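The values are calculated or read from the model by the stated rules, or taken from the named source; none is laboratory data. Predicted, not measured: the structure shown is a model, and the values here were computed from it. Glycine gets a Cβ as well: all are built from the backbone with ideal geometry, and neighbour counts include every protein chain shown.
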Amino acid sequence: MKRRRFWSVLILFSLIGQIAWVVENMYFNVFIYHMFNASPREISLMVEASAVAATLTTIFVGALSDRLGKRKAFIAFGYILWGVSILAFAFLRADWIGAAFPAVANAAALGCTLVIIFDCIMTFFGSTANDACFNAWLTDSTDDSNRGKAEGVNAMMPLLAILVVFGGTMWADTSNASHWTILFLIIGGVVLLCGILGLVLIEEPKGLLKQAAGYRETLLYGFRPSVVRANAPLYRALLAFTVFGISIQIFMPYLILYYTEALLLSNYVLIMAPAIVLAAVATALYGRLFDRFGYRKTLIPALIVLLLGYAVLFLFRNTALVFVGSLLMMCGYLCGMAVFGARIRETTPVGMAGRFQGLRIVAQVLIPGVIGPAIGSLVLRGAQTVQNGDGTTSFIPNQNIFLWAGIALVPIAALLLIESLRTERKADRA
């Protein structure tokens, strides 16, 4: 694959995919909160259901793409259908639901249910295109000479996506249903167009062949004890990545609500934009360090910065210090993602990227997406509430989500210690 085309595909599909995920991960929570008065438990349930859908999709479709030796069709057509599924959210409005189902006593409750179902459908197409096949394509298309650099670019895209979405939605009133309709139409259309471009731009990775093994054998490959033993560094990295993800998911579903409802930062976009830009640049540069220094030496500083960010956000409510804490949190989060992503690609067996994407999504999405929001929901169980104009109540997130996010990182220290001891023993034997 030509170098220019590779980087074009990486940047375009990573950025557009992350824009769609940002809308889901950070704005669906705001959407269901404002449009249907969702509770912390309903937000948690939506995140959990989406995590399960993403994991099952990635496991089954990733193995299928390995079995067929194809990535392009899954990515391109997956993005097209992903865009269509986002467009469908434009029709989820309380007034329209009430008119369509007049016999339903509680239109808001039905709206919450429909959002969760539509989210799972959207996640199916998104995980097919992005989680399963685009990530496998990226693993197939990189090597030891550019893996860290490529992962640094890939890892900075969530922050750039946040910047694009924040900047692009400054006009929107999150309490106005028509504004949500416009937002979903725009995002869905962009993702759909990206899929159409993929039919022209994407090339199959060299050396990717149809697998002789059957689909069932391919599907279950990464779960075999013998495979776990033979690829221990990969599974240790996946375990640490799981803990990392749980920490992030304790606060992430409630982050924008914390800014707007607890801190009353109506201009949080202007405050967060510089932090996002700086963190994105730091992540792009940090990914290069992985190629030079390796896994542990780049992961530890990222975790320290993340913990500092948590500490500042937990301790302070001043706008300037919230900016500092958010910058540190985002830098630690995205740099950590870059390191874990590069490590997982580095230790993935050659030619088997598709079947291991399911395990990656178990570590990145399923377990964190179930455990993290559940912890966050428990932390906010006694949170302050306010009464809405229609007589309903809404909760106000508090800073305790950052305290527990920091506590959740503790097990990674033990995993890194085990990794260090194993490395030292191998060096002594040599």
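Out of everything in the stretch 135-167 that is surrounded by fewer than 21 Cβ atoms within 10 Å (Cβ to Cβ) and of a type in the set (Asp, Glu), what residue ends up being modelled with the lowest pLDDT?
Asp144
In this structure, does Thr113 turn out to be under 27 Å from Val339 (Cβ atoms) and at pLDDT 80 or above?
no
For Phe290, state whether it is of a type in the set (Phe, Trp, Tyr) and within 15 Å of Phe340 (Cβ to Cβ).
Yes; evaluated as a whole, the condition is true for this residue.
Looking at the stretch 89-108, which of its residues are surrounded by fewer than 15 Cβ atoms within 10 Å (Cβ to Cβ), in a helix (DSSP H, G or I) and among the aliphatic types (A, V, I, L, M)?
Residues satisfying the conditions are Ala99, Ala100.
I'd like the residue in the stretch 381-403 that is more than 26 Å from Met337 (Cα to Cα) and among the hydrophobic types (A, V, I, L, M, F, W, C) and, out of all such residues, is modelled with the lowest pLDDT.
Val386
Determine if the stretch 39-53 includes at least one residue that is without any contact (Cβ under 8 Å) to a residue 60 or more places away in the chain, at negative phi and crowded, with 20+ Cβ neighbours inside 10 Å.
No: the stretch 39-53 contains no residue that is without any contact (Cβ under 8 Å) to a residue 60 or more places away in the chain, at negative phi and crowded, with 20+ Cβ neighbours inside 10 Å.
Between a residue in the stretch 292-315 that is over 21 Å from Leu263 (Cα atoms) and any residue that is acidic (Asp, Glu), which pairs come within a Cβ distance under 7 Å, given they are 6 or more apart or on different chains?
As it stands, the answer is Arg296/Glu419, since those pairs meet every condition given.
So for the stretch 316-329 (the condition being in contact with an Asp or Glu (Cβ under 9 Å, 6 or more places away or on another chain) and part of a helix (DSSP H, G or I)), does at least one residue qualify?
No, the stretch 316-329 contains no residue that is in contact with an Asp or Glu (Cβ under 9 Å, 6 or more places away or on another chain) and part of a helix (DSSP H, G or I).
What residue, among those in the stretch 342-354 that are part of a helix (DSSP H, G or I) and modelled with pLDDT under 85, is surrounded by the fewest Cβ atoms within 10 Å (Cβ to Cβ)?
Glu346
Any residue in the stretch 143-172 that is closer than 30 Å to Lys206 by Cα sitting within a Cβ distance under 9 Å of a residue that is of a type in the set (Lys, Arg) and surrounded by fewer than 20 Cβ atoms within 10 Å (Cβ to Cβ)? List the pairs, counting only those 6 or more apart or interchain.
Once the first residue is closer than 30 Å to Lys206 by Cα and sits in the stretch 143-172, its partners that are of a type in the set (Lys, Arg) and surrounded by fewer than 20 Cβ atoms within 10 Å (Cβ to Cβ) give Gly148/Arg288; Gly148/Arg292; Lys149/Arg288; Gly152/Arg288.
Consider only pairs whose beta carbons are under 6 Å apart and that are at least six residues apart or on different chains; among these, list those whose first residue lies in the stretch 3-15 and is at negative phi and touching a residue at least 60 places away in the same chain (Cβ under 8 Å) and whose second residue is surrounded by fewer than 19 Cβ atoms within 10 Å (Cβ to Cβ) and assigned to a helix (DSSP H, G or I).
So the pair list comes out as Val9/Leu201.
Here are some residues: Gly376, Gly336, Gly406. Which one is at pLDDT 85 or above, under 18 Å from Ala38 (Cα atoms) and touching a Phe, Trp or Tyr at 6+ places or on another chain (Cβ under 7 Å)?
Gly376
Somewhere in the stretch 60-83, is a residue on the phi > 0 side of the Ramachandran plot and either assigned to a helix (DSSP H, G or I) or buried (at least 17 other Cβ atoms within 10 Å of the Cβ) (or both)? It would help to see each step written out before you state the result.
Going through the stretch 60-83, the residues on the phi > 0 side of the Ramachandran plot turn out to be 69.
Pick out the ones that are also either assigned to a helix (DSSP H, G or I) or buried (at least 17 other Cβ atoms within 10 Å of the Cβ) (or both) and you get none.
No, because not a single residue in the stretch 60-83 is on the phi > 0 side of the Ramachandran plot and either assigned to a helix (DSSP H, G or I) or buried (at least 17 other Cβ atoms within 10 Å of the Cβ) (or both).
Looking only at the stretch 222-264, how many residues end up being touching a Pro at 6+ places or on another chain (Cβ under 7 Å), surrounded by 20 or more Cβ atoms within 10 Å (Cβ to Cβ) and small (Gly, Ala, Ser)?
So the answer is 1.
I need the full set of residues from the stretch 287-319 which are among the hydroxyl-bearing types (Ser, Thr, Tyr) and surrounded by 19 or more Cβ atoms within 10 Å (Cβ to Cβ), in order please.
Listed by number, the residues that qualify are Tyr295, Thr298, Tyr310.
What is the residue count in the stretch 270-310 for residues that are in a helix (DSSP H, G or I) and more than 20 Å from the chain's Cα centre (by Cα)? Break it down into steps so the answer makes sense when it comes.
If we filter the stretch 270-310 for residues that are in a helix (DSSP H, G or I), which is where we start, we get 270-293, 295-310.
Subsequent filtering for residues that are more than 20 Å from the chain's Cα centre (by Cα) retains 270-271, 274, 285, 288-293, 295-298, 300-301, 304, 308.
Going through the stretch 270-310 one residue at a time, the tally reaches 18.
Please tell me if Met1 is at pLDDT below 85, of a type in the set (A, V, I, L, M), within 27 Å of Gly168 (Cα to Cα) and surrounded by fewer than 23 Cβ atoms within 10 Å (Cβ to Cβ). Don't jump to the end; show me each part of the working.
On the way: at pLDDT below 85: yes; of a type in the set (A, V, I, L, M): yes; within 27 Å of Gly168 (Cα to Cα): no; surrounded by fewer than 23 Cβ atoms within 10 Å (Cβ to Cβ): yes.
No.
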